[in-house]
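Reading through the structure tokens given below for one structure.
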Ligand SMILES: Nc1ncnc2c1ncn2[C@@H]1O[C@H](COP(=O)(O)OP(=O)(O)OP(=O)(O)O)[C@@H](O)[C@H]1O
Ligand SMILES: [Mg+2]
């Protein structure tokens, strides 16, 4: 049987000790090719959970990626298997031009340069930014950087995508195109977002993090909308 894409078992993260943990006993499983949205207030630990999954923050508890336990021996291989999109694209754009950046992880895997550049341009085209292939990365707008960073993540065809607010800087057209593109991928996704409409297009399951734990795990995005509505200030009248 194919193992889950990722499984967290009783995972806790505490940045300052002594102090309250940001995550306390998070257990959740994202199945093979399952697409799951992670929502919750600012500071509820969404980014922290994604980072823990690739060993970027120390955690207690168990994390398995593709059936393999995350530890210092497996970390390198797990990072190669997982596509991680940072919230801040500048954190992952390292090369002078867009196509060099996107092709990098293919070159590192031994793909010949000419083939890697062709593949990089294909993925840039899928994301609607083919015209930026030769552009200097530092000239790009924030939304363009976000798409280029995502191209660098998708180019290797990872089996699991961990995406931290991928739609945050996109215009409505870009957001819709990206949601449709992610929705068509044959890969597991754990997507941290505040954009419920985007999440509805991409994902079939919705988790809410609150108080360091998963407080809601549902296939009904309406329940998530109601969860938010209940937390709105008393004078709020309109739809969220
Ligand atoms: N390196 C760090 N050191 C200390 N505290 C941290 C660190 N990183 C995050 N935190 C704290 O952990 C908590 C959770 O942060 P995290 O970024 O995971 O939240 P989030 O749910 O992703 O929030 P947002 O919706 O704003 O992106 C916050 O209170 C944050 O200040
Ligand atoms: Mg975050």
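Tabulated data
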| read-out | value |
| --- | --- |
| Residue in the stretch 185-194 that is nearest to residue 81 (Cα to Cα), counting only those that are touching a strand residue (DSSP E or B) at 6+ places or on another chain (Cβ under 9 Å) and in a loop (DSSP other than H, G, I, E, B) | 187 |
| Given (1) farther than 19 Å from residue 5 by Cβ; (2) touching a helix residue (DSSP H, G or I) at 6+ places or on another chain (Cβ under 8 Å); (3) assigned to a loop (DSSP other than H, G, I, E, B); (4) at pLDDT 95 or above, number of the condition residue 170 does not satisfy | (4) |
| Among the candidates 150, 216, 162, 180, residue that is touching a helix residue (DSSP H, G or I) at 6+ places or on another chain (Cβ under 9 Å), within 16 Å of residue 30 (Cα to Cα) and either in a helix (DSSP H, G or I) or without any contact (Cβ under 8 Å) to a residue 40 or more places away in the chain (or both) | 216 |
| Which numbered condition residue 4 fails, given (1) under 14 Å from the mean Cα position of the chain (by Cα); (2) in a loop (DSSP other than H, G, I, E, B); (3) more than 16 Å from ligand 2 (Cβ to nearest atom) | (1) |
| Qualifying positions in the stretch 60-71 - surrounded by 14 or more Cβ atoms within 10 Å (Cβ to Cβ), within 18 Å of residue 4 (Cα to Cα) and more than 19 Å from the chain's Cα centre (by Cα) | 61, 62, 68 |
| Where a residue in the stretch 79-106 is within 16 Å of residue 143 (Cα to Cα) and its partner, wherever it lies, is within 16 Å of ligand 1 (Cβ to nearest atom) and in a loop (DSSP other than H, G, I, E, B), with Cβ under 8 Å and at least six apart | 85/166; 87/165; 87/168; 92/86 |
| Count - residues of the stretch 122-147 that are crowded, with 18+ Cβ neighbours inside 10 Å and modelled with pLDDT of 95 or more | 4 |
| Any hit, the stretch 74-92, residues being part of a loop (DSSP other than H, G, I, E, B) and surrounded by fewer than 13 Cβ atoms within 10 Å (Cβ to Cβ) | no |
| Condition broken by residue 57, with the remaining ones in (1) farther than 26 Å from residue 7 by Cα; (2) crowded, with 16+ Cβ neighbours inside 10 Å; (3) touching a residue at least 24 places away in the same chain (Cβ under 8 Å) satisfied | (1) |
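Yes or no, residue by residue, for (1) outside any loop (DSSP other than H, G, I, E, B); (2) within 13 Å of ligand 1 (Cβ to nearest atom); (3) under 18 Å from the mean Cα position of the chain (by Cα):
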site: 21; (1), (2), (3): no, yes, no
site: 24; (1), (2), (3): yes, yes, no
site: 28; (1), (2), (3): yes, no, yes
site: 38; (1), (2), (3): yes, yes, yes
site: 55; (1), (2), (3): no, no, yes
site: 105; (1), (2), (3): yes, no, yes
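The values are calculated or read from the model by the stated rules, or taken from the named source; none is laboratory data. Computed from a predicted structure; not experimentally measured. All Cβ positions, glycine included, derive from the backbone under ideal geometry; neighbour counts span all protein chains shown.
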